[in-house]
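Below is one structure, written out as structure tokens; the observations come after it.
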Amino acid sequence: MHPRVGITHTKQRGTEKVVEKILYGGKHTAVLQILAEVCLHCGERLYAEETARLFEKIRNKLKRQDLSGFNPLGQAFAVDKVWLKKQMQPTAKSVG
Ligand SMILES: [Zn+2]
């Protein structure tokens, strides 16, 4: 978010930096290193139009489960609700 009203990100020159971007599509996640302009005022990342289009393309690929061009990074897990409930129960219960 920008702290000052009336200043648009695009009119301010930020610092060009390679940032890590995480994209979600369906149940999948993809991560990539990409050049962004980081706003000097609020730190928000600004992406070029073609970069934004690329993000959309990647999101759509993830949704379609078209994983060509993506390398596996390990698995993502959803914590099981039953298992979670067990962890939240008070542990002070005596066994006897
Ligand atoms: Zn800003």
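Every read-out reported here was derived from the displayed coordinates using simple, explicitly stated rules and does not represent laboratory data. Everything numeric in this text was worked out from a predicted model, so none of it was measured. All Cβ positions, even for glycine, are placed from backbone atoms using ideal geometry, and neighbour counts span all protein chains on display.
Tabulated values for the structure
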read-out	value
Between region 19-44 and region 45-81, the Cα center-to-center distance that results, in Å	11 Å
Eligible aspartates and glutamates near Lys27 by straight Cα distance, threshold 13 Å, same-chain separation 8 or greater	Asp66
Stretch gain in nm, segment Lys17-Asn71, where the contour uses 0.36 nm per residue and the Cα spacing is subtracted	17.1 nm
Intensity falloff of region 9-88 expressed as log10 I(q)/I(0), Debye formula with alpha-carbon point scatterers, at q = 0.18, 0.20, 0.24 Å⁻¹	-0.82, -0.91, -1.10
13 Å reach of a label modelled at Val31, 7 Å along Cα-to-Cβ, counting backbone N of region 56-76	71-76
Spin-label model distance (nm) - Gln89 vs His41, 7 Å beyond Cα toward Cβ	5.5 nm
Cut-off under 5 Å, modelled amide H: who pairs with Val19 long-range	Ile34, Leu35, Ala36
